[in-house]
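The values are calculated or read from the model by the stated rules, or taken from the named source; none is laboratory data. These figures come from a predicted structure and were not determined experimentally. When we count neighbours, we look across all protein chains shown, and the Cβ atoms used for this are built from the backbone with ideal geometry, even at glycine. Accessible surface is based on the protein model in full, side chains and every heavy atom, while ligands, DNA and RNA are left aside. Shrake-Rupley method; radii C 1.70, N 1.55, O 1.52, S 1.80 Å.
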Amino acid sequence: MIQWLHQEEGYCEGIFKSVFFRDEEDCDELSISMQRPVLSECAEKCVEAFNNLTAPQIREICEEIIKSAQECGDEEFELPELDNALDILKYCWFTGIYVNMLNTEDEVAFVVEGEGDWGDVIGFAVQNNKVLYVGTEFMDYMRAE
């Protein structure tokens, strides 16, 4: 599922195919990062969970992204009228996910990073199949080793 590009202690990065979310060029290839090669099994679990987010979870994520976009301070960007929450994905994209697990016994947890046309980095945190947070402070949900 993951094609590993680098697997060194302290920095591991690979790419995978996203089922739903897209990158800036509307492609389905996103990156995944982790700190240790021993967590590759965790990374596979994170990609599987990410690609199996439910329609209600995706809608929840999109609704929260809309709120974040409306609160942004960029006066040059005005969010147009959206027919439904998923339309926000026309104005933002995702670059990759970070494994947010310290060992294979942890609940599946990951943080997703992206950006919006309004100029803010945007992301969301998921743990144990629950969306914990959506917004600009998503990296606050990363566990420290």
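Please work out the average accessible area per residue across the chain, using the 1.4 Å probe convention, and give it in Å².
On the way: 7970 Å² over 145 residues.
Accessible area per residue, the chain: 55 Å².
Which three extents, in whole angstrom, do the alpha-carbon atoms of the chain cover along their principal axes, largest first?
Rounded to whole Å, the extents work out to 45, 27, 26 Å.
For S18, what charge total do you get from the other residues with a beta carbon under 9 Å from its beta carbon, if Lys and Arg give +1 and Asp and Glu give -1? Display every interim value, and only then the final one.
On the way: positive: K17, R22; negative: D23, D28, E29.
My count for the surroundings of S18 gives -1.
Rounding to the nearest 10 and keeping the result within 0 to 90°, find how far the Cα-based axis of helix 55-71 lies from the longest principal axis of the chain.
So the inclination is approximately 60 degrees.
Please give me the summed charge of the neighbours of D28: other residues whose Cβ is under 15 Å from its Cβ, Lys and Arg +1, Asp and Glu -1.
Cβ neighbours under 15 Å give a net charge of -3.
When you count, for each residue, the other Cβ atoms within 10 Å and take the mean per peptide, how do 87-96, 120-129 rank with the highest first? Can you show the working numbers first?
Working: 87-96: 18.0, 120-129: 19.6.
Highest-to-lowest ranking by the protection proxy: 120-129, 87-96.
At 222 nm, what value in deg cm²/dmol follows for the chain if DSSP H runs of at least 4 each add -39500 (n - 2.57) and the sum is divided by all its residues, to the nearest 500?
-6500 deg cm²/dmol
Work out the FRET efficiency for D83 and M142 from their Cβ-Cβ distance, taking R0 = 30 Å, and round it to the nearest 0.05.
Values: r = 34 Å, r/R0 = 1.13.
Once rounded, the FRET efficiency stands at 0.30.
Straight-line reach only, C-alpha to C-alpha below 28 angstrom: list the lysines that K67 could link to, leaving out same-chain residues fewer than 8 apart.
K17, K90, K130
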